[in-house]
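The block underneath contains the structure these notes are about, expressed in structure tokens.
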Amino acid sequence: MDDRVELVVRACASASRLSSAEGDVLLRACQGETREDIAIARGSSPQTIHKHVTNILRRTGDLSLHAAVERVLREAGGMSIP
């Protein structure tokens, strides 16, 4: 994945006060991983990932994880969802 995406996710995480786990979930979603993939990769339960996504949406104001990913990719230079 393009380094720009990681930089935008880090900036978003900082501005929105995301936890490191929430930032990682957002980055992985931007890389095209499903919630199930993210849970497995992080060694977390699906419920934990759901809670991280809920927090991401609450803190960023995005209406869905898809919308958050679209925004990050757009800010990273017009990239599209993988």
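Kindly indicate which of 70, 6, 75, 22 is at pLDDT 95 or above and among the charged types (D, E, K, R).
Details: 70 fails: at pLDDT 95 or above; 6 fails: at pLDDT 95 or above; 75 fails: at pLDDT 95 or above.
Exactly one of 70, 6, 75, 22 is at pLDDT 95 or above and among the charged types (D, E, K, R), namely 22.
Cβ contacts < 7 Å: first residue within 21 Å of residue 14 (Cα to Cα), restricted to region 43-62; second residue of a type in the set (Asp, Glu), any location; separation 6+ or different chain. Result?
52/22; 55/22; 56/22
The values are calculated or read from the model by the stated rules, or taken from the named source; none is laboratory data. A quick note: this is a predicted structure, and the numbers were derived from the prediction, not measured. Glycine gets a Cβ as well: all are built from the backbone with ideal geometry, and neighbour counts include every protein chain shown.
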